[in-house]
């Protein structure tokens, strides 16, 4: 089934802070900075590489002229890409935004975790900036400072992509089901169909067509209607009890089954059985070709394994297991208020509260996306599209 084009990163608005980092002469503290034309997301652009040596804090500053009337000043967050050269060595990345040339009044924020080797998207929520002095978002921005700190005794380099923007994001709901009960399709799907909502079903392919289980034909019909049929491994083992090779096989066997049965779209998107995973399982999952895997309970249940972004900064919440309307309403309201993502995890039919939940989603006009759309709307490897306004 043809899919609708997705909004770039589910952004409703982008307002540019910086779109060019060259030349180096624009920046101070030039000893440990250099232009980087190799590690760039868009050919022909140039990034700024900052190196911290032996855990020394290195920062560099440049003058800007962003008037208070610029819409960027009212954006909910700053977003940009960084290329991490030495992920095991990196400790801190910071951004400072000054409203006075001497930095007597500035905003600052740091990130200290969730870094991946290679490309990461970093999001600095406006609400997360701390104030030094008496800065005001109603004052013009006159300087920006970027800072990199390596771990003790180590060196670390980070390349900043030249496009740094203030953004407004769209709140989202992603409804997912696990396992192979037929009820999500036989009982719940008609309610979703009436509202134009598509869900995601993660199935254990070894169990499809067994007694009281969903059938291949049911999955194919839902897929044709726009549902995403995803990978819950072949056998639903606790992956932490399996060897590295067995974990790879579990994902790949299930993916091969989905593809062979005409449902390729979500074959390499999955959910960990019983939310059981560790570092070895994550590595094996990535080797198996998995692009992103949903966890269960937790504040950040969306683990991206390929083309990574900093998933911990997206305010992802998981309204897990509850079927009660009141709890779901709270989760949806939170996603809307925070412009975040509400991932819902269910198993069998939701039951009597589903109609009220769906009606509330429709009344709030919040977009529902399938799991693969959630991933592609955040990373865009499908379209390789550029941020709004960038050419």
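Read-outs throughout are calculated quantities, based only on the coordinates presented, and are distinct from any laboratory measurement. Values in this document were obtained by computation on a predicted structure and should not be read as measured data. Glycine also receives a Cβ, built like all others from the backbone with ideal geometry; neighbour counts cover every protein chain displayed.
The peptide list 171-178, 146-153, put in order of mean Cβ contacts within 10 Å with the highest first, becomes 171-178, 146-153. Residues 285, 110, 181 in ascending order of nearby Cβ atoms (within 10 Å, fewest first): 110, 181, 285.
Neighbour counts of C-beta atoms inside 10 Å place 192, 108 in the sequence 108, 192, starting with the fewest. Stretching the chain fully between residue 152 and residue 187 yields a gain of 6.9 nm (0.36 nm per residue, less the alpha carbon separation). Protection proxy ranking for 223-229, 268-274, using the average of other Cβ atoms within 10 Å per residue and placing the highest first: 268-274, 223-229. For 85, 232, what's the fewest-to-most ordering of other Cβ within 10 Å of each Cβ? With the fewest neighbours first, 85, 232 line up as 85, 232. Each of the peptides 88-98, 330-340, 35-45 was scored by the mean count of other Cβ atoms within 10 Å over its residues; in descending order, highest first, they stand as 88-98, 330-340, 35-45.
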